[in-house]
């Protein structure tokens, strides 16, 4: 039989191990890495301090809702990735892989960011995203079938296509 002290030590170890698992999407963090000069990890409070955008889109029931968050282009710029006017010649073969906690991934080519809107959303109609969708989600109202809407997004990686 375990002593009270031994039980306390085991319980503390279990809690510490579980707490270590609460990174990324569960903790409301998103890491931007891959082929960028300045890899970054952004917390919910970091994201709240950045310029905010609101995008209207249809929800799962066809109702117009407003998602609020930070433009993907803004986060890429902070990490040093070439976006919009800075994207030239040899950089045109770069793309972004957005990964959710459930293993789902979606690809966005960097030239697409010139015309399409992609947002790292943290709220819907002024309220935090549900645990099913968030705390962070990639959304794009320009993606008609929502194939690249990544729920519980925890990682954005810039990669280069080899020809």
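Values in this text are rule-based calculations from the coordinates and carry no lab data. Predicted model, so just to flag it, every value in this text is computed and none were measured. In this analysis, Cβ positions are derived from the backbone assuming ideal geometry, glycine residues included, and neighbour counts consider all displayed protein chains.
Observations on the structure shown:
- Bridges between two residues of segment 24-160, per DSSP, are antiparallel at a rate of about 90%.
- Each label was represented as a point 7 Å from its Cα along the Cα-to-Cβ direction; for residue 58 and residue 125 these points are 1.7 nm apart.
- Of the Cα atoms belonging to segment 24-160, the radius of gyration and Dmax stand at 13.9, 42 Å.
- Label point distance in nm, residue 85-residue 49, each placed 7 Å from Cα along Cα→Cβ: 2.6
- Cα-projected label distance for residue 162 with residue 104, points at 7 Å along beta-carbon direction, nm: 3.0
- From most to least packed by mean Cβ count within 10 Å, the peptides 81-91, 151-161 give 151-161, 81-91.
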